[in-house]
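Reading through the structure tokens given below for one structure.
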Amino acid sequence: MACTLLASCSSGTSGMSRSPINPVNWITPYKVDVIQGNFISSEQVGQLRPGLSRDQVKAVLGTPLMASLFHADRWDYVFTLTRQGVAPQSFKYTVFFKGDQLERFEGDAMPSEAEFISKLDSKRKFGKVPVLEATEEQLKAAEKSSAAKPASNGAAAAASVPGGPQTTVYPPLESPKQ
């Protein structure tokens, strides 16, 4: 009955299906962030200069995403970022060679590494991170509370005896052959 009611709400041609009060619009599927290609930062572009060899360019920018057989002296680097709720972003950078030497390079203005990371960091901020160190008083209180608890079985009591090596016995991963 609920499915029929929701279907009847969304099938109307009165514009109700696009309305935010329509319950069908409350449920949105999760869309995965898609990162494709070679990310090139502005720091990497700053390291390029004419005269570098192909190997040196590959060491700075990485292996090109596209290298054409018809344009052997041109490497294209393409990077796309598709995220839910954000317009897709695309960056292109091209390097041109003359023989084995870098002749020129051109492309979009590339973001810095910090800018790129800030684009990826869309997690909700929860405020100040608590300190993960215990004080001496907290450690002593924890020792007292664990010593005050009686052991519920013999194995736990034996494990809590100081001095001897503690070993843990796990069940076999596979059942024994019969």
Problem - In region 30-72, the residues that are surrounded by 16 or more Cβ atoms within 10 Å (Cβ to Cβ) and aromatic (F, W, Y) - result: F39
Fill in the blank from the handout: K140 fails exactly one of (1) modelled with pLDDT under 85; (2) among the basic types (K, R); (3) more than 29 Å from the chain's Cα centre (by Cα), namely (1)
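Each row is one residue, and each column tells you yes or no for (1) surrounded by 10 or more Cβ atoms within 10 Å (Cβ to Cβ); (2) more than 30 Å from Q36 (Cα to Cα); (3) hydrophobic (A, V, I, L, M, F, W, C); (4) at pLDDT below 85.
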{"site": "T80", "(1), (2), (3), (4)": "yes, no, no, no"}
{"site": "R83", "(1), (2), (3), (4)": "yes, no, no, yes"}
{"site": "F96", "(1), (2), (3), (4)": "yes, no, yes, no"}
{"site": "E133", "(1), (2), (3), (4)": "no, yes, no, yes"}
{"site": "S152", "(1), (2), (3), (4)": "no, yes, no, yes"}
{"site": "A156", "(1), (2), (3), (4)": "yes, yes, yes, yes"}
Practice task
Determine the pairs where a residue that is under 14 Å from K58 (Cβ atoms), located within region 86-108, has a partner that is outside any strand (DSSP E or B) and basic (K, R) with Cβ atoms under 8 Å apart, the partner being 6 or more residues away or on another chain.
Solution key: F97/R54; D100/R54; L102/R49; L102/R54
Exercise for the section: Tell me, yes or no, whether region 103-114 has at least one residue that is within 31 Å of the chain's Cα centre (by Cα), charged (D, E, K, R) and within 16 Å of S41 (Cβ to Cβ). Expected result: yes
Handout entry: Residue check for N22: surrounded by 13 or more Cβ atoms within 10 Å (Cβ to Cβ), modelled with pLDDT under 80 and out of contact with any His (no Cβ under 7 Å at 6 or more places or on another chain)
Key = yes
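The values are calculated or read from the model by the stated rules, or taken from the named source; none is laboratory data. Keep in mind the model is a prediction, meaning the values are calculated, not measured. Glycine gets a Cβ as well: all are built from the backbone with ideal geometry, and neighbour counts include every protein chain shown.
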